[in-house]
Structure formats: C-alpha cells, structure tokens
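Participant: Quick one: the structure is below, questions incoming.
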Amino acid sequence: MRLLRRAAIAFFLVFLLPVAGTVAWWSLQDRPTSWRGASWAASGVLPAAGDNSDAAIHVMAARTGGLKGAISLHSWIVVKKPGSAEYERYDKVGWGMPVRRNAYPADALWYSNLPWSVHSVTGAEAERLIPQVEAAIAAYPYAGNGGYRIWPGPNSNSFVAHVVATVPELGAQMPPNATGRDYAPGFASLRISPDWRELHATLGGLAGVSIGMRSGFEVHLLGVVAGVDFLRPALKIPALGRVGW
C-alpha cells in the first residue's frame with residue numbers, strides 16, 4: 001500500500017503537475033482559434049538557401065495548434081543540396097497522402113507558432129548524409145493514404161523520429177514533447193539503434209523507456225516524456241519540453 005501511494009505521488013509530481021501547469025500557461029497565450037486564422041508564412045528562422053552553397057539538413061519543430069499545442073509540437077525535415085538555392089521540406093500531415101514535400105516554406109510558422117531548429121548539420125557532413133535521409137524518407141512505412149493517426153501515432157513526429165532513428169549519424173534527438181515520436185507498431189517493441197548507442201522499449205508508444213548516449217534516460221507515458229539528459233545537461237519535463245542549464 002505504501003509503495004502504491006509513493007508511485008501515485010511520483011506520477012502526480014513527475015507527469016500530471018507539469019502537464020497541468022503547461023496547459024494553464026498555454027491557455028493564456030494569444031493564438032489563432034482555427035487553422036484558417038493562423039499564419040503559415042516563412043518565419044526567417046533559417047538563412048536564405050542561396051546565401052551559401054553548402055549542403056544542409058535541419059530538423060525543425062514548432063508548437064502545434066489548438067489545445068494540443070500545450071502538450072505537443074509538430075516536427076519536419078529540411079534539406080538543402082550543395083549548390084542549391086532552394087530548400088526541400090518534408091512533413092507528415094493528417095489528411096490525404098500524409099508525407100508532403102514543399103507544402104510550406106522551409107521555416108514556415110506552424111499555426112502561427114515560431115519554429116526552431118532542433119538540430120542542424122551543414123557542409124560536407126550534410127552532403128554525405130542527405131542521400132541517407134532521402135532514403136529513410138522514401139522507406140517510411142506509413143506514407144500511404146490513411147497512414148496518419150494523431151495519437152499515439154504514427155503522426156508527424158513519428159515520421160521525423162523514423163528518419164532520425166534510421167540515420168543515427170545525424171546526431172539528432174527528438175524533443176521530449178514531440179508526442180508520437182515513441183510510436184512503434186504492435187503491442188511491444190524493443191529497438192536498438194544501428195550504432196548501438198540507444199535502446200528504446202515501448203508498449204505501442206503508450207509506455208516505455210529510452211536509454212542511451214543521445215537520449216540519456218527517459219520514461220514515456222501516454223505520449224508525454226520525463227527524463228534527464230546527462231551529456232547535454234537538461235531535464236525533460238512532460239509537455240513543457242527540454243529545460244537545460
């Protein structure tokens with residue numbers, strides 16, 4: 001009985017309290033009431049593609065719309081081939097054929113929310129990795145019509161997580177509040193990254209753990225994540241995201 005009480009207190013402090021606080025904060029923000037009233041314009045976060053000839057890969061993210069923006073974000077992949085004056089953007093969305101290419105400007109606002117670069121690779125390393133990223137996108141198993149489910153996945157974050165996991169040399173780590181990033185088909189899944197630096201175990205994306213050089217230690221429950229990053233010191237707070245020091 002004492003153990004159950006302690007578990008309930010830990011669940012409240014670690015998961016419920018941060019989620020409730022973030023929802024309260026989000027409800028006070030000035031934001032559009034629908035996608036029609038939102039801005040999807042370029043934000044200027046990324047430099048103009050023609051500013052230099054270097055190759056580039058960017059993992060991008062922004063808070064999503066509606067109340068779910070308190071809990072989660074939308075992520076996407078941007079690549080620029082060497083010498084190109086144009087970016088190529090890849091998203092997964094919730095209607096039609098879900099994986100889209102260049103449906104929005106590379107650094108567009110998402111539901112009026114400012115995006116940021118979660119991780120970037122440039123120069124010769126980006127040039128080397130772009131074919132692997134494109135191959136991972138082409139091999140994504142839920143790219144067909146109807147291959148989207150908002151929760152627990154496969155959604156937009158499941159798509160980007162697939163690319164990041166398939167190409168570990170990117171060195172990218174999905175934000176902890178990218179709900180759907182831990183989705184895996186079937187009831188139970190145990191996955192070790194190709195470079196043997198990450199272990200991910202999950203029950204259909206509903207509950208699980210991640211341990212590794214990039215992720216540190218994480219516990220995910222119903223799509224929200226709590227954890228600690230040891231190499232790049234930070235707490236991973238449910239709904240709020242990564243808080244570093």
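Each reported figure results from applying straightforward, stated rules to the coordinates on display, with no laboratory input. Here the structure is a predicted model, which means the values were calculated and not measured. Neighbour counts run over all protein chains shown; Cβ positions are idealised from the backbone, glycine included.
Participant: How large is the convex hull of the Cα atoms of region 121-162 per residue, expressed in Å³ as a whole number? List each step's numbers first, then the result.
Facilitator: Numbers: hull volume 2.8 nm³, N = 42.
Output value, Cα hull per residue: 67 Å³.
Participant: I've got another one for you. Over the alpha carbons of region 117-238, what is the largest minus smallest coordinate on each principal axis, giving the biggest first in Å?
Facilitator: If we take the Cα atoms of region 117-238, the spans are 40, 38, 25 Å.
Participant: Mind checking which lysines have their C-alpha under 29 Å from LYS81, skipping anything on the same chain fewer than 8 residues away?
Facilitator: LYS92
Participant: Would you please put 37-50, 156-169, 63-76 in order of how densely packed they are, using the mean number of other Cβ atoms within 10 angstrom per residue and starting with the highest?
Facilitator: The peptides rank, most packed first, as 156-169, 63-76, 37-50.
Participant: When only Cα pairs under 8 Å and 6 or more residues apart are kept, what is the percent relative contact order across the chain?
Facilitator: For the chain, the relative contact order is 17 percent.
Participant: Distance between Cα centroids, region 88-128 to region 165-207: provide it in whole Å.
Facilitator: The distance from the Cα centre of region 88-128 to that of region 165-207 comes to 20 Å.
Participant: A further question on this structure: If you average 1/r over every pair of different alpha-carbon atoms in region 2-244 and take one over that average, what Kirkwood value in Å do you get?
Facilitator: Values: mean 1/r = 0.0540 Å⁻¹.
Mean inverse Cα-Cα distance, inverted, gives 18.5 Å.
Participant: Filter the DSSP H helices in the chain by two things, a Kyte-Doolittle mean of at least 0.0 and an axial alpha-carbon span of 20 angstrom or more, and list the hits by number.
Facilitator: 123-138
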